[in-house]
1. Testing the spin-label approximation: label points 7 Å from Cα along Cα→Cβ at Ile59 and Glu84. State their distance in nm.
2. Enumerate lysine pairs in the stretch 36-114 that are 8 or more residues apart or on different chains, then count those whose Cα atoms are under 23 Å apart.
3. Grab the other residues whose beta carbon is less than 13 angstrom from that of Glu37, score K and R as +1, D and E as -1, and report the net.
4. Classify the stretch 36-114: rounded, prolate or oblate, from the alpha-carbon gyration tensor (a ≥ b ≥ c, eigenvalue square roots; a/c under 1.5 rounded; otherwise prolate if a/b is larger than b/c)?
5. Determine the shape class of the stretch 73-113: with a ≥ b ≥ c the square roots of the Cα gyration tensor eigenvalues, call it rounded for a/c under 1.5, and otherwise prolate if a/b is greater than b/c, oblate otherwise.
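What follows is calculated from the coordinates using simple rules that are stated; it is not laboratory data. Small disclaimer: the values here were computed from a predicted structure and weren't measured. A quick note on method: Cβ atoms are made from the backbone with ideal geometry, for glycine too, and the neighbour counts reach across all protein chains shown.
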Amino acid sequence: MALILSGLPFQATLEAQEQHKPRVPVIDKITSGGPMEQMFTGVVKSVSLKEQVLNVDSIDGKSTEIFPIRKKVRVVTADGDRVELVDLKPGADVLVYFEQKGDHRKVKQVVVLTGGTAKKKTPSS
């Protein structure tokens, strides 16, 4: 009987250690559910300024992503030249940079890689 009772303090100490779990602040901040910046690569299927929607097919063509857009969203070419959103046309290869928080998306920038934008007219000399 004395042998059984002598094991109880040891058991209580183990249980107390298991209940105390140290917090790791860096990991808690990472997993806090803040906005996550992401990128989607695809081909513009359609652009609707009236409905403020950009539809982009994935490169492999297996899915379509829908992004909310605003008139002031930054649209640039791969060279860094600014392009107006109204000049973005179906068929353009694009990278869409956006923030995802829960089910809400906010487009930060659209980079036009090839084709699908109206050509700027250059004055002839």
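1. Each label point is offset 7 Å from its Cα along the Cβ direction, giving 3.1 nm.
2. 23
3. Spelling it out: positives minus negatives among the neighbours equals +3.
4. Since a/c stays below 1.5, the shape of the stretch 36-114 is classed as rounded.
5. prolate
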